[in-house]
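Just below is one structure, and these are the notes that go with it.
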């Protein structure tokens, strides 16, 4: 039977020390749940650097392109305006006036694209059940999740190694 260990700590420094000690013994930590970001835990448990910044740049670039193309079409190509006696015959002559709209549309597309990406990537769509193992980890506790499936040690050996850390509480559950 596969088991999952939810090890609870009451301090972020204790969590990092315990994670370092367990990883040094060859134990793979599946996930960490915390009420706030714990700086320095990602490299300890082996979380790779995110590529969400690249996605944000692509969404903002799409917004910039759409804004410039739209303003060029509306103001220059489709219906050229003669505003204050100054004709608008090219995009380059009118670019300073287009910069605020371009910036705002880039931010709009970047923000909306990242919200959609975040929801789809994390699977946190409306109505989905929470994947948090213990509600106290949203308040003041830190939970580390370790499974027997991802480790070569047996459940008893994992339990002994986990109990050597300064844990607050240990929960062991069977799963399929």
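Can you tell me how many residues within the range 141-157 are part of a loop (DSSP other than H, G, I, E, B) and within 16 Å of residue 167 (Cβ to Cβ)? Here the count works out to 1. Of all residues in the range 132-161, those satisfying the criterion of being under 17 Å from residue 37 (Cα atoms) and out of contact with any strand residue (DSSP E or B) (no Cβ under 9 Å at 6 or more places or on another chain) are 135, 139, 140. Scanning the range 113-138 for residues that are part of a loop (DSSP other than H, G, I, E, B), at pLDDT 80 or above and within 30 Å of residue 66 (Cβ to Cβ) yields a count of 1.
Screening residue 114 with (1) surrounded by 11 or more Cβ atoms within 10 Å (Cβ to Cβ); (2) without any contact (Cβ under 8 Å) to a residue 12 or more places away in the chain gives one miss only, at (2).
Right, residue 35: in a helix (DSSP H, G or I), surrounded by fewer than 15 Cβ atoms within 10 Å (Cβ to Cβ) and within 16 Å of the chain's Cα centre (by Cα) or not? Judged against the criteria, residue 35 is not a match.
The residue that is farthest from the chain's Cα centre (by Cα), counting only those in the range 1-13 that are within 23 Å of residue 131 (Cα to Cα) and surrounded by fewer than 19 Cβ atoms within 10 Å (Cβ to Cβ), is 1. Look at (1) touching a residue at least 40 places away in the same chain (Cβ under 8 Å); (2) in a helix (DSSP H, G or I); (3) surrounded by 13 or more Cβ atoms within 10 Å (Cβ to Cβ) and you find that residue 94 fails only one, number (1).
The residue that is nearest to residue 162 (Cα to Cα), among those in the range 47-66 that are surrounded by 11 or more Cβ atoms within 10 Å (Cβ to Cβ) and at pLDDT below 95, is 47. Checking 26, 46, 40 one by one, the residue that is under 18 Å from the mean Cα position of the chain (by Cα) and under 30 Å from residue 174 (Cβ atoms) is 46 and no other. The lone criterion from (1) within 18 Å of residue 19 (Cα to Cα); (2) loosely packed, with under 11 Cβ neighbours inside 10 Å; (3) modelled with pLDDT of 90 or more left unmet by residue 152 is number (3).
Could you say whether any residue in the range 62-79 is part of a helix (DSSP H, G or I), under 30 Å from residue 151 (Cβ atoms) and within 24 Å of the chain's Cα centre (by Cα)? No.
The values are calculated or read from the model by the stated rules, or taken from the named source; none is laboratory data. Here the structure is a predicted model, which is why all the values come from computation and not from measurement. Neighbour counts are summed over all protein chains in view; Cβ atoms, including those assigned to glycine, are modelled from backbone coordinates with ideal geometry.
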